1. Given +1 on the Cβ of Lys and Arg, -1 on the Cβ of Asp and Glu, and no further charges, what dipole in debye does the chain carry about its Cα centre, rounded to the nearest 20?
2. For the stretch 1-127, restrict the atom set to alpha-carbon positions and state the Rg and Dmax in Å.
3. With θ taken as phi - 60° and the coefficients 6.51, -1.76 and 1.60, list the Karplus ³J(HN,Hα) couplings across the stretch 18-24 in order, rounded to whole Hz; mark glycine and proline as x.
4. Residues with amide H under 5 Å of V13's amide H, sequence separation 5 or more or different chain, H placed in the peptide plane at 1.01 Å from N; which?
5. Around A178, under 13 Å between beta carbons, what's the net of Lys plus Arg minus Asp minus Glu among the other residues?
6. Mind checking the per residue accessible area of the stretch 45-190 for me, 1.4 Å probe, whole number of Å²?
7. Please build a GNM for the chain, connecting alpha carbons under 10 Å apart, and tell me which residue among W77, W48, W161 fluctuates the most.
8. If you average over every viewing direction, what projected area does the convex hull of the Cα atoms of the chain give, in nm²?
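The values are calculated or read from the model by the stated rules, or taken from the named source; none is laboratory data. Since the model is a prediction, treat every value here as computed from it, not as a measurement. Cβ placement follows ideal geometry from the backbone for every residue including glycine, while neighbour counts extend to all protein chains displayed. Areas reflect the complete protein model, heavy atoms only, side chains present, ligands, DNA and RNA absent. Shrake-Rupley method; radii C 1.70, N 1.55, O 1.52, S 1.80 Å.
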Amino acid sequence: MKILAIDIGGTNVKFLATGQEEARKFPSGLECTPQKMVAGVLDMTKDWKYDMVTMGYPGPIVKGSIMLEPKNLARGWVGFDFAAGFGKPTKIINDAAMQALGSYDGGRMLFLGLGTGLGATLIIDKVIAPLEIAHLPYKKGMSFEDYVGLRGLERLGKKKWAEAVDDVVARLKAAMIADYVVLGGGNVKKLKKLPASSRAGDNKNAFTGGFRLWEDYE
């Protein structure tokens with residue numbers, strides 16, 4: 001069983017198939033429709049063999065279906081038939097949840113993606129629960145994302161932003177009764193010291209998560 005895992009972002013579409021060593025990518029952005037994404041992936045994977053597809057999508061997924069149009073891509077994603085487009089069985093998962101699944105080491109894990117916004121997923125005994133907590137109120141009439149997302153980093157500066165990350169991680173870990181926290185996203189590298197009971201993730205884990213979605217794993 002060979003799987004193609006696709007990580008769809010606002011800047012690039014990245015993808016990797018079982019047995020391949022190097023991921024491939026092409027630009028996405030506001031002109032990227034689902035038709036263009038599918039066509040681009042098919043064109044660049046002509047020499048790869050795979051049996052099924054996992055898509056990590058930057059938005060909420062309910063029962064395997066896209067619920068909202070993306071903020072940083074073109075419209076037309078809701079209701080699009082990706083299985084027909086790829087000609088393969090296709091599963092769709094939230095992009096943060098896909099990276100979380102690839103980072104999972106058992107027990108109760110909270111994954112937080114520190115990027116432009118704040119992605120969050122809780123996994124309990126292999127059961128994936130994507131969370132929409134970024135816009136919940138945090139301090140001074142602002143949300144968690146306003147403090148630990150890119151806007152918070154730019155407004156607060158690195159030192160105060162890192163302090164906010166420490167506080168938010170501690171609060172959410174306690175609220176979710178998590179055994180440990182994995183921090184993903186592009187801004188993790190800006191932290192000089194990781195919060196207690198946390199470790200840094202790796203963007204490559206998104207592909208591992210895409211593979212795991214079809215597989216039994218330890």
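1. On the way: 30 positive and 24 negative charges, 144 e Å.
Computed charge dipole of the chain: roughly 680 debye.
2. Rg, Dmax (Cα atoms, Å): 14.3, 40.
3. Working through the residues one at a time gives 3, x, 8, 9, 10, 6, 10 Hz.
4. Long-range HN contacts for V13: F26, S28.
5. Details: positive: R108, R171, K173, R199; negative: D105, D125, D179.
Residues near A178 contribute +1 overall.
6. Working: 7020 Å² over 146 residues.
Result: 48 Å² per residue.
7. Greatest mean-square fluctuation among the candidates belongs to W48.
8. Working: hull surface 47.5 nm².
Computed as one quarter of the Cα hull surface, the answer is 11.9 nm².
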